[in-house]
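Every read-out reported here was derived from the displayed coordinates using simple, explicitly stated rules and does not represent laboratory data. Everything numeric in this text was worked out from a predicted model, so none of it was measured. Positions of Cβ are generated from backbone atoms using ideal geometry, with glycine treated the same way; all protein chains shown enter the neighbour counts.
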Amino acid sequence: MVAIEEFQKLELIVAQIKDVQDHPQADKLYVLRVDTGNGERQLVAGIRRSYAKETLLGKRIVMINNLQPAVIRGVESQGMLLAASDAEGVCLIAPHREVALGSKVK
């Protein structure tokens, strides 16, 4: 179990995907550039088999903004997008209406 105080440490925000590139060393990964409303971040995400690049451009997503950066297969990821997965693949977690970039998810 996770205490509410631990969960509250995560900064979940709405961001918008501005650019999508294939990861140079992994066929399941994309390298995304996202606008957080307070600057841009680079994310590495394992969504390549479920989404074509062109369907991701401009899409608003929910991401963890204060995650410690990690190097994934040689590329730095500066956050993590949220997604669900099942037998049909991956589904991005996104707001149902357009909200301001950087809006906190509560």
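Identify which of Asp27, Asp86, Asp35 has the largest mean-square fluctuation in a Gaussian network model of the chain, with springs joining Cα atoms closer than 10 Å. Maximum among the listed residues: Asp86. Every helix of 4 or more DSSP H residues in the chain counts as -39500 (n - 2.57), and over all residues that averages to -1000 deg cm²/dmol at 222 nm.
Taking θ as phi - 60° and the Karplus parameters 6.51, -1.76 and 1.60, the scalar couplings of region 90-106 work out to 9, 10, 5, 8, 9, x, 7, 9, 6, 10, 4, 4, x, 4, 7, 8, 10 Hz in sequence order, x denoting glycine and proline.
Mind checking the full-extension length gain between Arg73 and Ile93? Use 0.36 nm per residue of separation minus the Cα-Cα distance, one decimal, nm.
Values: separation 20, 0.36 × 20 = 7.20 nm, distance 2.39 nm.
This chain segment gains 4.8 nm when fully extended.
What order do you get for Ile72, Ile93, Ile61 when you list them from fewest to most C-beta neighbours inside 10 Å?
Lowest to highest Cβ neighbour count: Ile93, Ile72, Ile61.
Annotation: for a label point projected 7 angstrom from Cα along Cα→Cβ of Ile64, residues of region 88-106 with backbone N closer than 20 Å are 90-95, 102-106.
Working note: Karplus 6.51/-1.76/1.60 with θ = phi - 60° gives region 71-83 the couplings 9, 10, 6, x, 10, 6, 10, 10, x, 8, 7, 9, 8 Hz, where Gly and Pro are set to x. Using a cutoff of 8 angstrom between alpha carbon atoms and counting only pairs six or more residues apart, the relative contact order for the chain works out to 31 percent.
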